[in-house]
There are 2 protein chains.
Amino acid sequence: VRARLPAPPPGETWVGDDAAVLTGGLLFATDAMVDGVHFDRRWCTLADVGWKALAENCSDLAAMGGTPIAAVVAVVLPAELSGAGDALLDGLAVAATAFSCPLVGGDTTSGPTLVVSVAVTGHAPATGAVLRSGARAGDNVFVTGALGGAKAALDQRRAGRDPAPELVARMVRPAPRLMEGAAAAAAGATAMIDISDGFGADLGHVLDQSGVGVRIVGACIPCHPGASLDDALFGGDDYELCFTAPDTDRVTRAFADAGLAAPTAVGSIGREPARVLVTDDGERELPARGWEHTVG
Amino acid sequence: VRARLPAPPPGETWVGDDAAVLTGGLLFATDAMVDGVHFDRRWCTLADVGWKALAENCSDLAAMGGTPIAAVVAVVLPAELSGAGDALLDGLAVAATAFSCPLVGGDTTSGPTLVVSVAVTGHAPATGAVLRSGARAGDNVFVTGALGGAKAALDQRRAGRDPAPELVARMVRPAPRLMEGAAAAAAGATAMIDISDGFGADLGHVLDQSGVGVRIVGACIPCHPGASLDDALFGGDDYELCFTAPDTDRVTRAFADAGLAAPTAVGSIGREPARVLVTDDGERELPARGWEHTVG
């Protein structure tokens with residue numbers, strides 16, 4: 001995509017990060033959710049879909065260290081769901097309040113498949129937006145929260161089981177880590193991304209764009225209760241943040257000062273391009289593998 | 001929709017105008033185009049679809065008197081069109097250059113139907129965004145350009161004929177009236193809207209939101225060559241602007257100073273709620289009728 005567009009002026013970042021960064025620190029991002037691709041209506045309500053559509057967009061702002069300004073939504077609503085538009089809107093409205101990201105406009109149109117496209121604007125932090133490209137050798141790698149819960153819930157659903165409520169919540173009502181993203185920026189984070197496609201894939205984007213390698217310690221990965229290490233490494237849809245920063249004490253202090261649970265250090269950035277995962281079985285390559293969206 | 005969302009703070013306008021107006025004069029809008037609903041791929045290329053998706057969003061900024069900052073796009077691309085994403089992007093990129101509205105980010109996902117959702121940000125004019133709600137008795141009603149061309153082209157296509165190239169251009173490559181919108185704002189426009197649904201329907205929104213009536217002189221309506229008065233009054237997709245302003249001389253001067261063709265005065269706002277269309281056959285009610293999007 002970047003090859004077909006002009007280059008941005010100095011100080012701006014366009015395609016290729018979680019959100020675009022424009023003059024004056026304006027952030028701008030969009031993400032769409034398609035029925036049968038990004039969600040399965042057997043396993044979530046339309047209010048859940050509305051919530052998640054805003055959550056994943058606010059997560060893109062969080063991954064820059066940003067603060068939401070506002071959201072707009074374009075909805076394609078099939079005739080058989082025309083009565084369900086209010087439920088979708090209610091889910092969006094509840095999320096808008098929860099994330100302090102007011103829904104200020106939109107467009108509803110008829111069409112064959114339910115599609116919910118949200119766009120958000122935000123403010124970059126005063127210290128500048130945290131890009132994917134700034135990781136440096138010697139930085140530590142951190143993740144917020146616990147990983148793999150959404151994938152574990154999806155797998156249980158697919159197997160015909162009823163996941164525990166806290167696993168279901170990870171899948172259908174993810175919370176964007178806005179305060180954590182701001183704390184990471186304040187703590188000198190050098191690169192950041194949200195874990196929407198899976199830790200392996202998303203960390204891979206940071207490594208690609210920063211031109212560095214990594215050494216990840218499997219035993220340090222915070223697996224969500226009910227999730228395996230494989231779910232945590234390669235499951236998507238968690239909307240936790242992964243960031244790199246040189247000073248662990250400063251990170252710990254910034255999160256504590258903001259009243260947030262400390263992020264988990266899971267490895268370190270190396271100068272060599274190798275991407276190493278250390279487990280009890282020894283060392284192997286950490287694949288830049290993620291989660292293909294196929295109804296979750 | 002407005003009833004399900006909180007009220008905006010003073011000085012902001014959320015749902016219900018062409019674009020939302022936020023603190024600091026930030027404008028924000030979104031519009032989606034759906035294959036088979038808003039366009040028919042027999043009659044346009046995917047580059048045309050990309051152009052038009054950005055054009056209709058920039059037209060929403062124009063209708064506030066605004067200037068584009070940037071756009072993002074979310075594309076749902078069916079497998080059978082996966083090779084055509086570049087053509088779509090090229091149409092968007094050409095339009096982005098033409099409208100000085102850089103495309104700074106996006107999201108492409110697979111799905112059963114082609115959907116192109118664009119969102120745009122812009123700056124309100126220094127004198128404040130021009131809303132739909134400000135028309136006052138005594139104001140004149142103006143339209144830019146000529147109306148009905150897109151509808152005439154669509155009707156000819158539907159009848160199996162080949163419309164003249166300038167009619168086809170009205171349908172597939174509409175130009176948002178950004179300079180005209182800015183000139184109208186500078187000339188003291190009290191209300192403005194873009195004519196995307198048809199003059200009757202869109203003027204109806206201004207009258208509803210301003211609480212006024214109107215008297216339109218049919219003979220003054222600037223019909224596009226090849227279009228009937230009915231096409232001009234009720235055809236949609238023209239993306240011309242309709243605005244109200246008290247001082248015709250000031251409007252004429254502002255457009256001339258900007259090197260723009262003068263807009264056409266087509267009637268006047270009245271205090272009474274009546275909506276009157278005057279033609280050679282006498283007076284009748286101007287219906288708030290527009291154009292149902294069914295493939296154009």
Using all C-alpha to C-alpha distances in chain A, build P(r) with 10 Å bins and read off the rounded percent in each one.
7, 29, 35, 22, 6, 1
Please work out how much length the chain gains when fully extended from B:ASP40 to B:VAL217, using 0.36 nm per residue of separation minus the C-alpha to C-alpha distance, in nm with one decimal.
60.3 nm
Please list A:267-273, B:48-54, B:125-131 highest first by mean number of surrounding beta-carbon atoms within 10 Å per residue.
B:48-54, B:125-131, A:267-273
FRET E, pair A:THR264, B:ASP86, Förster distance 41 Å, beta-carbon r, rounded to 0.05
0.50
What whole-number distance in Å separates the alpha-carbon centres of region B:172-235 and region A:59-132?
30
Mean residue ellipticity at 222 nm from the helices of chain A, using -39,500 (n - 2.57) per DSSP H segment of n ≥ 4 over the full residue count, to the nearest 500 deg cm²/dmol?
-8500 deg cm²/dmol
Roughly what % of DSSP beta bridges within the protein assembly as shown run antiparallel, to the nearest 5?
75
Evaluate the charge dipole of region B:7-133 about its Cα centre and quote only its size in Debye, nearest 20, assuming +1 on the Cβ of each Lys and Arg and -1 on the Cβ of each Asp and Glu.
140
Check: the protein assembly as shown dipole with +1 on Lys, Arg Cβ and -1 on Asp, Glu Cβ, in debye
320
By the Kirkwood definition, with r running over pairs of different Cα atoms, region A:175-237 has a hydrodynamic radius in Å of 13.0
Of the residues B:GLY91, B:GLY270, A:ILE216, the Cα lying farthest along the dipole of the protein assembly as shown towards its positive end, which is defined by charges on the beta carbon of Lys, Arg, Asp and Glu, belongs to B:GLY270
With N set to the residue count of region B:219-296, report its C-alpha Rg divided by 2.2 N^0.38 Å to two decimal places.
1.27
Relative contact order for region A:57-174: what is it in percent, counting Cα pairs under 8 Å that are at least 6 residues apart?
31
On a 0 to 90 degree scale, rounded to 10, what angle separates helix A:248-257 from the longest Cα axis of chain A?
40
Give me the summed buried accessible area for the B-A pair, 1.4 Å probe, to the nearest 100 Å².
3300
Suppose each label sits 7 Å from its Cα in the direction of the beta carbon; what would the A:SER100-B:SER228 distance come out to in nanometres?
5.7
Of the accessible area of the protein assembly as shown, with the probe set at 1.4 angstrom, what percent is carbon plus sulfur?
52
Buried by partner chains in region A:24-41 (accessible area down by at least 30 Å² vs chain alone, 1.4 Å probe, heavy atoms, protein only) are A:LEU26, A:PHE28, A:THR30, A:ALA32, A:VAL34, A:VAL37
May I ask you to derive the relative contact order of region B:6-94, considering only C-alpha pairs under 8 Å and at least 6 residues apart, and to give it as an integer percent?
29
Please give the per residue volume of the convex hull enclosing the alpha carbon atoms of region A:1-154, rounded to a whole number of Å³.
154
Taking each residue of A:71-78 in turn, how many C-beta atoms of other protein chains fall within 10 Å of its C-beta, and what is the average?
6
Output ordering of B:244-250, B:145-151 (per-residue mean of other Cβ within 10 Å, highest first) is B:145-151, B:244-250
Cα-only Debye scattering, region A:143-296: base-10 log of I(q)/I(0) at q = 0.10, 0.19, 0.21 Å⁻¹
-0.34, -1.18, -1.37
Averaged per residue, what accessible surface does region A:8-121 expose to a 1.4 Å probe, in Å²?
28
Along the principal axes of its C-alpha atoms, what lengths does region B:3-56 span, in descending order and rounded to whole Å?
47, 25, 10
Restricting to region B:175-290, what percent of DSSP beta bridges are antiparallel, rounded to 5?
75
Under 16 Å from A:LYS151, Cα to Cα: lysines that are on another chain or at least 8 residues apart
A:LYS52
Between the alpha carbon centres of region A:240-259 and region A:142-168 the gap in Å comes to 26
Under 8 Å for C-alpha pairs, at least 6 residues apart: give me the relative contact order for chain A, rounded to a whole percent.
23
Helix B:46-62: inclination vs chain B longest Cα principal axis, degrees, rounded to 10, gives 30
Over the Cα atoms of the protein assembly as shown, what is the Rg over Rh ratio if Rh follows Kirkwood?
1.02
For B:ARG136, inter-copy label-point distances (7 Å, Cα→Cβ), nm, shortest first, read 5.9
About its Cα centre, how strong a charge dipole does chain B have in debye, to the nearest 20, once Lys and Arg get +1 and Asp and Glu get -1 at the Cβ?
240
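The values are calculated or read from the model by the stated rules, or taken from the named source; none is laboratory data. The model shown is predicted, which means the values in this text are computed figures rather than measured ones. In this analysis, Cβ positions are derived from the backbone assuming ideal geometry, glycine residues included, and neighbour counts consider all displayed protein chains. Quick note on the areas: whole protein, heavy atoms, side chains included, nothing else; ligands and nucleic acids left out. Shrake-Rupley method; radii C 1.70, N 1.55, O 1.52, S 1.80 Å.
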